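> Before I ask anything, here is the structure I am working with.
The values are calculated or read from the model by the stated rules, or taken from the named source; none is laboratory data. Treat the numbers as computed from the prediction; the structure is a model and nothing was measured. Here the Cβ is made from the backbone with ideal geometry for all residues, glycine too, and neighbour counts use every protein chain on show. Accessible surface areas use protein heavy atoms only, side chains included; no ligands, DNA or RNA. Shrake-Rupley method; radii C 1.70, N 1.55, O 1.52, S 1.80 Å.
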Amino acid sequence: MMQKIAIMGAMPEEIAPILEIIGEYKSTEYAGNIYYEATYKGCEIVVAYSKIGKVFSTLTAATMIEHFACTTLLFSGVAGGINPSLKIGDLIVATKLSQHDLDITAFGHPMGYVPGGSVFIDTSKELISIAKTVASELEKTLKEGVIATGDQFVHNETIKENIVKHFNADALEMEGGSVAVVCDALNIPFFILRAISDTADTDASFSFDEFMESSAVISAEFVMKMVDKIIE
Ligand code: SAH
């Protein structure tokens with residue numbers, strides 16, 4: 001079957017470098033968003049930014065799969081680093097993701113769990129293995145780790161420590177965990193890549209403003225190398 005690759009970001013800055021590399025595309029307005037369709041090196045691609053947070057990213061991921069018929073999803077963006085080995089601009093790919101703000105612990109359930117769901121959702125091992133090949137070819141360090149997602153820009157040590165306590169997370173952001181739910185339910189191989197923009201501490205908003213754009217470019221360029229490898 002021919003592949004159709006969805007490439008998603010949350011913010012305009014996260015997909016701008018991707019659209020630049022693709023060059024020519026058709027813009028379609030659908031469900032309150034713009035979807036950019038292109039044929040890139042003979043492969044069909046759909047690019048979109050969802051807007052920030054779990055709800056908007058759920059809508060966009062589901063739309064790319066159900067309406068635009070994408071068969072693989074790659075997410076590119078920025079994240080707050082938790083693991084101290086992660087510095088600004090470093091790349092991390094999620095091995096599994098959780099929703100750190102999903103809390104019905106009042107009923108004895110673990111954080112991030114609701115009946116019928118699971119605390120973690122695994123990403124595609126095949127896509128991670130392609131990413132490792134790309135990283136070694138580019139001589140770039142690619143960290144694999146747990147990403148925790150929630151509807152909150154974290155800029156606080158205590159909240160950070162809590163997320164580590166519950167999920168042993170290496171990085172956190174606001175969309176990956178919900179995209180994971182959609183792709184897992186619809187059986188779509190997916191990949192969540194993030195470049196670090198801040199370290200989710202009290203300086204996070206300043207660091208984010210300074211480094212978001214450069215980190216978004218680092219992630220986007222890596223994802224496009226992934227696309228090259230996938231369609232090779
Ligand atoms: N400055 C933006 C808001 C950015 S929200 C504005 O004013 O519009 C942060 C975005 O980057 C989210 O899409 C999230 O996925 C990611 N992110 C980066 N660092 C983060 C952090 N410390 N906590 C949560 N999300 C973070």
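> Gap in Å between the Cα centre of the range 146-220 and the Cα centre of the range 28-71?
20
> Distances over 27 Å make up what percent of all Cα-Cα pairs in the chain? Intermediate values should be presented prior to the final figure.
Working: 7301 of 26796 pairs.
Cα-Cα pairs in the chain separated by more than 27 Å: 27 percent.
> Something else: In the chain, what % of DSSP beta bridges are antiparallel (nearest 5)?
Details: 17 of 46 bridges.
Antiparallel bridges: around 35 percent, rounded to the nearest 5.
> Order these peptides, 182-194, 159-171, 19-31, by their mean beta-carbon neighbour count within 10 angstrom, highest first. List each step's numbers first, then the result.
Working: 182-194: 20.8, 159-171: 19.2, 19-31: 12.6.
By packing density, highest mean first, the sequence is 182-194, 159-171, 19-31.
> Using amide H atoms built 1.01 Å from N in the peptide plane, name the residues 5+ places from I7, or on other chains, whose amide H lies under 5 Å from its own.
V46, V47, A48, L74
> If you roll a 1.4 Å probe over the heavy atoms of the protein chains, what accessible area per residue do you get for the chain, in Å²? Provide the component values of the computation, followed by the final result.
On the way: 10510 Å² over 232 residues.
Accessible surface, normalised per residue, equals 45 Å².
> Here is a further query. Given the -39500 (n - 2.57) contribution per DSSP H run of 4+ residues, what per-residue ellipticity at 222 nm results for the chain, rounded to the nearest 500 deg cm²/dmol?
The helix-only estimate for the chain comes to -12000 deg cm²/dmol at 222 nm.
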